[in-house]
1. Here are LEU37, LEU64, LEU73: which of them is of a type outside the set (Gly, Ala, Ser) and either out of contact with any helix residue (DSSP H, G or I) (no Cβ under 8 Å at 6 or more places or on another chain) or assigned by TED's automatic domain parsing to the domain that holds GLU174 (or both)?
2. I'd like the full set of residues that are free of Cβ contacts under 8 Å to residues at least 60 places away in the same chain and farther than 21 Å from TYR124 by Cα, limited to the range 2-16.
3. Under 7 Å between Cβ atoms, at least 6 apart or on separate chains: pull out the pairs that start in the range 100-127 with a residue that is assigned by TED's automatic domain parsing to the domain that holds GLY163 and modelled with pLDDT of 65 or more and end on any residue that is in a helix (DSSP H, G or I) and of a type outside the set (Phe, Trp, Tyr).
4. Answer yes or no as to whether ALA19 is crowded, with 19+ Cβ neighbours inside 10 Å, touching a residue at least 60 places away in the same chain (Cβ under 8 Å), more than 16 Å from TYR154 (Cβ to Cβ) and aliphatic (A, V, I, L, M).
5. For the list (1) assigned by TED's automatic domain parsing to the domain that holds GLU60; (2) crowded, with 20+ Cβ neighbours inside 10 Å, I need the number of the one condition that GLY163 fails.
6. Restricting the search to the range 166-198, which residues are exposed (fewer than 15 other Cβ atoms within 10 Å of the Cβ), of a type in the set (Ser, Thr, Tyr) and not in a strand (DSSP E or B)?
7. Give the range 25-39 a look and list any residue that's part of a helix (DSSP H, G or I) and over 18 Å from TYR49 (Cα atoms), or say none.
8. Please enumerate the residues belonging to the range 10-24 that are over 15 Å from ILE77 (Cβ atoms), within 18 Å of the chain's Cα centre (by Cα) and either of a type in the set (Lys, Arg) or part of a helix (DSSP H, G or I) (or both).
Amino acid sequence: MTKKEATQLMKLKGRVRGAVFETDVEYVKAKYGNAALDKITAAIHDFGYEVDYRNLDSMEWRPLGLRALSMRLMEEIFSWTEDDIRAMGDAAPKYSFIVKLFMKFFISPKVAFSHAPEYWTRHYDVGRLESVSLDEERRSAVIHLADFDVHGTYCRYLEGFFGRLFKFMFPQSEVKIKETRCMCKGDSYHEFLVNWEP
């Protein structure tokens, strides 16, 4: 990664809650141990920025750019593929008490799906999530995310994250998700198509 890329990422508009960082921390610790966090911290410091993974406040707002930079450095340091990034996204809801509570409270998939935009605004102050359609008979759903022009790595993470939420809603099914429109590729919003089979 170059200084130029790091600077561009840090210019991203918006903020995320510390809780979003915490899911990354738990995943990295489980996979590589505490020492791995020190590597990422040092790499971020080398670019002139600071993050203390060991003392995160789950409700504190942090720059979205710092989260994107952190994610890109994880990808580089651990030689992650796109599937590895999706795996971190898939694991995130498992580490989030708020997500688990959210999914438990809304027992009906339709209700959970319709409330997803509210969940987004509790964690991000940028981006508009839209629950476009949920067709349980055809086993398909469409999600749109606008005003969230980040980095392709983040898109793969979101594929994993949204996919896991559908696995919570339909635990007996095999869930497949694909980003079919992407702001990083010039589209006006991100679109994720979800399908599940019994």
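1. On inspection, the qualifying residue turns out to be LEU64.
2. THR2, LYS3, LYS4, listed by residue number.
3. From the range 100-127, the pairs are PRO109/MET169; ALA112/MET103; ALA112/MET169; HIS123/ALA19; HIS123/VAL20; VAL126/LEU64.
4. Yes; evaluated as a whole, the condition is true for this residue.
5. Exception for GLY163: condition (1).
6. Hits for the range 166-198 are SER173, SER188.
7. Once the filter is applied, which keeps residues that are part of a helix (DSSP H, G or I) and over 18 Å from TYR49 (Cα atoms), the range 25-39 yields GLU26, TYR27, VAL28, LYS29, ALA30, LYS31, TYR32, ASN34, ALA35.
8. Answer for the range 10-24, where residues must be over 15 Å from ILE77 (Cβ atoms), within 18 Å of the chain's Cα centre (by Cα) and either of a type in the set (Lys, Arg) or part of a helix (DSSP H, G or I) (or both): MET10, LYS13, ARG15, ARG17, GLY18, ALA19, VAL20, PHE21, GLU22, THR23.
The values are calculated or read from the model by the stated rules, or taken from the named source; none is laboratory data. All values derive from a computational prediction rather than experimental measurement. Glycine gets a Cβ as well: all are built from the backbone with ideal geometry, and neighbour counts include every protein chain shown.
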